[in-house]
Amino acid sequence: MASYKDLFKIKHNNISPEKGKILISEPFLRDIFFQRSVVLLIEHNENGSMGFVLNNKTGLVLNDYIEGFKNLKRIPIYLGGPVATEHLFYIHSLGHIIPDGIQIDDNLYFNGDFESLNYYLLGGQSFEGKIKFFLGYSGWTKGQLTDEIKRDSWLVSKASNLEILSAGDESFWKQSVEQIGGPYLTWINYPIDPLLN
């Protein structure tokens, strides 16, 4: 007899992971870091993969940790993944305004000169939809992510930079599934905890 989970199990979509793409977790992934998550890949090569969970807001704000930011609008911090959670990372669309950033995709960058970022924020410039901060990152060793995709743990897709920088919570997971559409729409109806149904 097929299990409840089997009714929603759908094969991965055969799109190759690469820098700038997003990973959408299957609905029954019970991992504390990756349940209903969307991960931006900032690196994917023969040595492994690195990315940030885009929709896991921590409740922490950067303003509490950087003295000069106390009077700025609250800047949320996201949990990027289980690796190096004591380190702060960021992605942004500020290009040349923040020198030394690593380009992820058209007009999307990883890290860069923090003093320039500090100057930008203290100058009263808007950060919403332009900068996103993370504690920790998600990492996969050589071949690990490819194996997880083959086991149907992830769908690979694309999102706009604005969506990536504005994503806030589980609704972004649902929105990302809806954009793929087709048979994956059944995932939206899978309960977070089927034992409670």
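The values are calculated or read from the model by the stated rules, or taken from the named source; none is laboratory data. Note that the structure is a prediction, hence the values are computed from the model and not measured. Here the Cβ is made from the backbone with ideal geometry for all residues, glycine too, and neighbour counts use every protein chain on show.
Of the residues making up the range 163-184, none is surrounded by 13 or more Cβ atoms within 10 Å (Cβ to Cβ), in contact with an Asp or Glu (Cβ under 7 Å, 6 or more places away or on another chain), modelled with pLDDT under 95 and farther than 30 Å from residue 74 by Cβ.
Would you call residue 109 buried (at least 20 other Cβ atoms within 10 Å of the Cβ) and either of a type in the set (Phe, Trp, Tyr) or outside any strand (DSSP E or B) (or both)? Spelling it out, residue 109 is indeed buried (at least 20 other Cβ atoms within 10 Å of the Cβ) and either of a type in the set (Phe, Trp, Tyr) or outside any strand (DSSP E or B) (or both). Looking at 128, 86, can you tell me which residue is among the acidic types (Asp, Glu), loosely packed, with under 13 Cβ neighbours inside 10 Å and in a strand (DSSP E or B)? When all the criteria are applied, what remains is 86. Screening residue 43 on (1) of a type in the set (D, E, K, R); (2) outside any strand (DSSP E or B); (3) in contact with a Lys or Arg (Cβ under 7 Å, 6 or more places away or on another chain) shows it passes everything except condition (2). Just one of the listed residues (152, 100, 113) is at pLDDT below 95 and acidic (Asp, Glu), and it is 152. The residues in the range 140-162 that are touching a strand residue (DSSP E or B) at 6+ places or on another chain (Cβ under 9 Å), of a type in the set (Ser, Thr, Tyr) and farther than 18 Å from residue 30 by Cβ can be counted, and the count is 3. I'd like to know if the range 95-103 contains one or more residues that are of a type in the set (A, V, I, L, M), buried (at least 18 other Cβ atoms within 10 Å of the Cβ) and in contact (Cβ under 8 Å) with a residue 24 or more places away in the chain. Checked the range 95-103: no residue is of a type in the set (A, V, I, L, M), buried (at least 18 other Cβ atoms within 10 Å of the Cβ) and in contact (Cβ under 8 Å) with a residue 24 or more places away in the chain.
Consider the range 52-74 and keep the residues that are crowded, with 20+ Cβ neighbours inside 10 Å and not in a strand (DSSP E or B). The one that is nearest to the chain's Cα centre (by Cα) is 54. Restricted to the range 6-51, and to residues there that are among the small types (Gly, Ala, Ser) and more than 14 Å from the chain's Cα centre (by Cα), the residue that is surrounded by the fewest Cβ atoms within 10 Å (Cβ to Cβ) is 16.
All of (1) touching a helix residue (DSSP H, G or I) at 6+ places or on another chain (Cβ under 8 Å); (2) modelled with pLDDT of 90 or more; (3) closer than 14 Å to residue 156 by Cα; (4) not polar (S, T, N, Q) hold for residue 72 with one exception: (3). Scanning the range 22-40 for residues that are farther than 23 Å from residue 91 by Cα and either touching a residue at least 24 places away in the same chain (Cβ under 8 Å) or assigned to a strand (DSSP E or B) (or both) gives 26, 27, 28, 29.
Step by step: first the residues of the range 136-152, then only those that are among the acidic types (Asp, Glu) and outside any loop (DSSP other than H, G, I, E, B), then the one that is nearest to the chain's Cα centre (by Cα). Which residue is that? Here the answer is 148.
Please enumerate the residues belonging to the range 59-74 that are hydrophobic (A, V, I, L, M, F, W, C) and out of contact with any Phe, Trp or Tyr (no Cβ under 6 Å at 6 or more places or on another chain). Even if it seems obvious, please write down each step before you answer.
So in the range 59-74, the residues hydrophobic (A, V, I, L, M, F, W, C) come out as 60-62, 66, 69, 72.
Within the range 59-74, 60, 61, 66, 69, 72 qualify.
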